[in-house]
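S.K.: Submitted below is the structure of interest, expressed as structure tokens.
Bear in mind these aren't lab numbers, they're just calculated from the coordinates by the rules spelled out. Quick caveat, the model's predicted, so the values are computed rather than measured. FYI the Cβ positions are ideal-geometry reconstructions off the backbone, even for glycines, and counts take in every protein chain you see.
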Amino acid sequence: MGKVTVITSGKGGTGKSTVTAGLGAALVRRGDRVLVIDCDAGMRGVDLMLGVSGELVFDIADIVNGNCPPSSAIYRCRIIPELYILPAPQNVEDEVSPYVMKQLVRVLERYYDHVLIDCPAGIGSGFESAAVSAGSALIVTNAEPLSLRGCDKVRMGLRGLGIPEVRLVINRFNERRFRKAGSFPDLDAVIDKAGARLIGIVPEDNVAASAAQRGEAMEGKMSAVYAFDRIAARLDGVSVPLGM
């Protein structure tokens, strides 16, 4: 059985989907077979980041509605072998129910080492469907008050679903800008505000972000890639330093 991790955020714009794509690629580099499930119905974007958007015919709603077998809606990422994606529906109305989602993930997790579920931002529609199957969760935030505001609600929502392991990813971190803003005395204050144990800090990396937007692999000597590799190692149970 694969490890199922939901990737969430308190608000949109934190780079949650970029973290999902980058972490999926990092796990593959470790030799894992990885499935990314995009649960952001109506707002899907991971398929674009993984370079498969032009190939899409079916999505998760087509599986549920009996329009195709699961294998027809799961696409192999050509730029990253052993990374697969199950796209979200194009329409919010086709959002999958929590019960059906849980049954589907139970079947799919047998074939992968990791299943990463990209959750809609916040705790609105789609949150429970995305998170209900997970055994662990990553909350993605930026080191700023507005981004952190929703972390507590997301954390409580995950606790309500009985998810035992909730970790924090601080994304797009720029130390100079952080100190200049002066919203928090240090990163410990950010972690305390989020209320979750830190698993990694991803530095601001415009090269990696641009690559993701073009559907190109985030790899090579990028600072974000180095951070994703260490988060992936921790997900696999390897002890590595937290620093950037």
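S.K.: In terms of the Cα gyration tensor, with a ≥ b ≥ c the square roots of its eigenvalues, is segment 173-244 rounded because a/c is under 1.5, prolate because a/b exceeds b/c, or oblate?
M.R.: Verdict is oblate for segment 173-244.
S.K.: If you plug each phi of segment 209-219 into the Karplus form 6.51 cos²θ - 1.76 cosθ + 1.60 with θ = phi - 60°, what whole-Hz ³J(HN,Hα) values come out, in order, with x for Gly and Pro?
M.R.: Result, rounded to whole Hz: 4, 5, 4, 4, 5, 8, x, 10, 5, 8, 8.
S.K.: What do you get for Rg/Rh over segment 128-209 if you use C-alpha atoms and the Kirkwood form of Rh?
M.R.: Rounded to two decimals, Rg/Rh equals 1.00.
S.K.: So if we plug the beta-carbon distance of Ser125 and Leu198 into 1/(1 + (r/R0)^6) with R0 = 35 Å, what FRET efficiency do we get, rounded to 0.05?
M.R.: 0.75
S.K.: Amide H neighbours of Val166 under 5 Å, at least 5 residues apart or on other chains, H built in the peptide plane: list them.
M.R.: Counting only residues 5 or more places away or on other chains, the set is Ala137.
S.K.: For the pair Arg177 and Gln213, what calculated FRET efficiency results from E = 1/(1 + (r/R0)^6), where r is the Cβ-Cβ distance and R0 = 30 Å, to the nearest 0.05?
M.R.: For R0 = 30 Å, the calculated efficiency reads 0.90.
S.K.: Which distance in Å, rounded to a whole number, links the C-alpha centroids of segment 1-68 and segment 189-209?
M.R.: For segment 1-68 versus segment 189-209, the Cα centre distance is 20 Å.
S.K.: Mean separation of Cα pairs under 8 Å and 6+ residues apart, divided by the residue count of segment 3-235: what relative contact order is that in percent?
M.R.: Normalised by residue count, the contact order of segment 3-235 is 28 percent.
S.K.: What order do you get for Phe228, Phe173 when you list them from fewest to most C-beta neighbours inside 10 Å?
M.R.: Phe173, Phe228
S.K.: OK, next. Quick check on the exposure proxy: order Ile199, Ile170, Ile63, Ile85 from fewest to most C-beta atoms within 10 angstrom.
M.R.: Lowest count first: Ile199, Ile63, Ile170, Ile85.
S.K.: Given H placed on each backbone N at 1.01 Å, which residues far from Val202 in sequence or on other chains put an amide H within less than 5 Å of it?
M.R.: Residues meeting the criterion, in which the H sits 1.01 Å from N, are Ile170, Asn171, Arg172, Phe173.
S.K.: A further question on this structure: Could you put Asp62, Asp118 in order, starting from the residue whose Cβ has the fewest other Cβ atoms within 10 Å?
M.R.: Ascending number of Cβ neighbours within 10 Å: Asp62, Asp118.
S.K.: If exposed means no more than 11 neighbouring beta carbons inside 10 Å and the site is in a DSSP loop, what's the longest run of the chain without any exposed trypsin sites (Lys or Arg not before Pro)?
M.R.: Here the longest run is 1-213.
S.K.: For Lys11, what residues show an amide H to amide H distance below 5 Å, using hydrogens built from the backbone and excluding near sequence neighbours?
M.R.: It is Gly122, by chain and number.
S.K.: Which length gain, in nm to one decimal place, applies between Arg29 and Arg234 when the Cα-Cα distance is subtracted from 0.36 nm times their residue separation?
M.R.: Extending this stretch completely gives an extra 72.4 nm.
S.K.: Further, regarding this structure: For Lys3, which lysines qualify as cross-link partners when the Cα separation must be under 23 Å and same-chain residues fewer than eight apart are set aside?
M.R.: Lys16, Lys102
S.K.: State, to one decimal in nm, how far the label point of Glu144 lies from the label point of Arg110, with both points 7 Å from Cα in the Cβ direction.
M.R.: 4.6 nm
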